[in-house]
Amino acid sequence: MTNLERINTITVLELEVEVLESKVQPHATGHIITAIGVLNSRIDELKKEEMKEKYGRAVETVYTPSKEI
């Protein structure tokens, strides 16, 4: 995956997380919360790949949640 493809993928996934976060309700949306977690894990993985390519190593974690779900 090229750097541009990785950046585009991260951007799209972050937008999808925003959409899903707007759909979370107090009850019966556990599947949405799970999907958000999966997408955030993939975003973290892609950012670690970028760090590894850029600096020769990956950082421990990249993802920092912006708010509680």
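The values are calculated or read from the model by the stated rules, or taken from the named source; none is laboratory data. Just so it is clear, the model here is predicted, and its values are computed rather than measured. We place every Cβ from the backbone using ideal geometry, glycine too, and count neighbours over all the protein chains shown.
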Residue match in region 36-44 (condition: among the charged types (D, E, K, R) and closer than 16 Å to Asn3 by Cα): yes
The one condition in (1) in a helix (DSSP H, G or I); (2) in contact with a Lys or Arg (Cβ under 8 Å, 6 or more places away or on another chain); (3) at pLDDT below 95 that Ile10 fails to fulfil: (3)
